[in-house]
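First the structure, in the form of structure tokens, and then the observations on it.
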Amino acid sequence: MIEVKDLAFSYDGEKEVLKDISLRIEEASYIAIMGDNGAGKSTLVKHFNGLLRPTRGTVLVDGLDTSEETVSSLSRKVALVFQYPESMFFSETVHDEMAFALRNFGFNDKVVEDGVRKYLTLFGLRRYEDRSPFTLSGGEQRRLALACVLTWGPKYVVLDEPTAGQDQLQREILVGIVRQLITQGKTVVVVSHDVEFVAETSPYVFLMADGELVDQGEAQPVLSNERSIEKAGLILPQVTAAFREVKGLSQNIVSTAQAADEIFRLYGG
Ligand SMILES: Nc1ncnc2c1ncn2[C@@H]1O[C@H](COP(=O)(O)OP(=O)(O)O)[C@@H](O)[C@H]1O
Ligand SMILES: [Mg+2]
């Protein structure tokens, strides 16, 4: 479990960009942290692997106080994948990029090669093994960044704005990957202001605004609650807004699957 207690944080010692945040992320759960640009989402998740340390309050990962642990020991448990993964690549080939972290953690050659092969295959990147990571498309680079961190088997996977700048196909691939991680029993945390993506994957949602937690709950009630959404500087999912325009349709639809069910209920059969 990741337990955040009364967390406050300031970059400059003056302005607090996180203000007394308390929340719990249970094991094997799927969580979204949502809110407008500048709300403090990235700052919050950087506390999960010790990249940032609380100015006040505590962050515990499986009971370990992150202020007392090294980033590298926390990273084995908590993997963060940032919005611009290309900034983290440094190897000549996709294969070496994948192998690096595993070697670094001291795994033997067989474990390294098995891990690299397994995850390249899973993410549809096997054919790029010998290419430079920088020659991949944006979507492929995102997948490679995620594949890299999964090789060492972190329990918690944090994806910061995974859909930013991604086309529809990449978004669908990403929905599949998130579902797969959940099935594997990983704890998945998605940081996003993409209400459509979050609605499709149905996590437990924390809404942030101006460094504070303003609401939380299951995706459907939270994302269809106009007041909460507005407070967090987000907009209603398109499908929710569209359904509200039509009398007689459910007011609380947030995903396309729910929309399809509702249309079938009214007009199908
Ligand atoms: N490295 C930094 N130094 C100083 N201020 C920062 C830094 N990173 C973010 N901030 C500020 O902290 C606030 C929260 O930013 P951030 O956590 O990136 O928000 P979000 O991820 O929700 O868009 C913003 O006001 C931002 O300008
Ligand atoms: Mg951010």
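Laboratory data are not the source of any read-out in this text; all were calculated from the coordinates shown. Nothing here was measured: the structure is a model prediction, and the numbers come from that model. Heads up, the Cβs are rebuilt from the backbone with ideal geometry, glycines too, and the neighbour counts pull from every protein chain shown.
Numbers at a glance
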quantity	calculated
Stokes-Einstein D (µm²/s) once Rh is taken as the Kirkwood radius of the stretch 169-227 over alpha-carbon pairs, at 20 °C in 1.002 mPa s	172 µm²/s
Three-way shape label, the stretch 1-159, alpha-carbon gyration tensor, a/c 1.5	prolate
Net charge of neighbours whose Cβ lies under 13 Å from the Cβ of residue 30, counting Lys and Arg as +1 and Asp and Glu as -1	-2
Where trypsin sites (Lys or Arg not before Pro) fall in DSSP loop in the stretch 192-269, at most 13 other Cβ within 10 Å	247
Computed label-point distance, nm, for sites residue 218 and residue 137 using a 7 Å Cα→Cβ extension	3.6 nm
R0 of 30 Å, Cβ-Cβ distance residue 14-residue 69: FRET efficiency to nearest 0.05	0.65
Which listed pairs, of 5/77; 15/186; 77/231; 19/186; 5/155, have C-alpha distances above 23 Å, in listed order	15/186; 77/231; 19/186
Loop-located chymotrypsin sites (Phe, Trp or Tyr not before Pro) in the stretch 57-149 whose Cβ has at most 15 other Cβ within 10 Å (DSSP)	90, 105
Rg/Rg_ref, the chain, where Rg_ref = 2.2 N^0.38 Å and atoms are Cα	1.06
Mean Cβ neighbour count within 10 Å, used as a protection proxy, ranking 24-32, 256-264 highest first	24-32, 256-264
Virtual spin-label span in nm between residue 227 and residue 251, 7 Å along Cα→Cβ	1.2 nm
C-alpha center-to-center spacing [the stretch 233-261, the stretch 54-110] in angstrom	39 Å
Antiparallel content of DSSP bridges confined to the chain, in %, to 5	50 percent
Scattering curve values for the stretch 16-58, log₁₀ I(q)/I(0), Debye with Cα scatterers, q = 0.34 Å⁻¹	-1.41
Cleavage-rule hits, trypsin sites (Lys or Arg not before Pro), the stretch 95-148, DSSP coil, Cβ neighbours within 10 Å at most 16	131
Sequence of 136, 51 once ranked by neighbouring C-beta atoms within 10 Å, starting from the fewest	51, 136
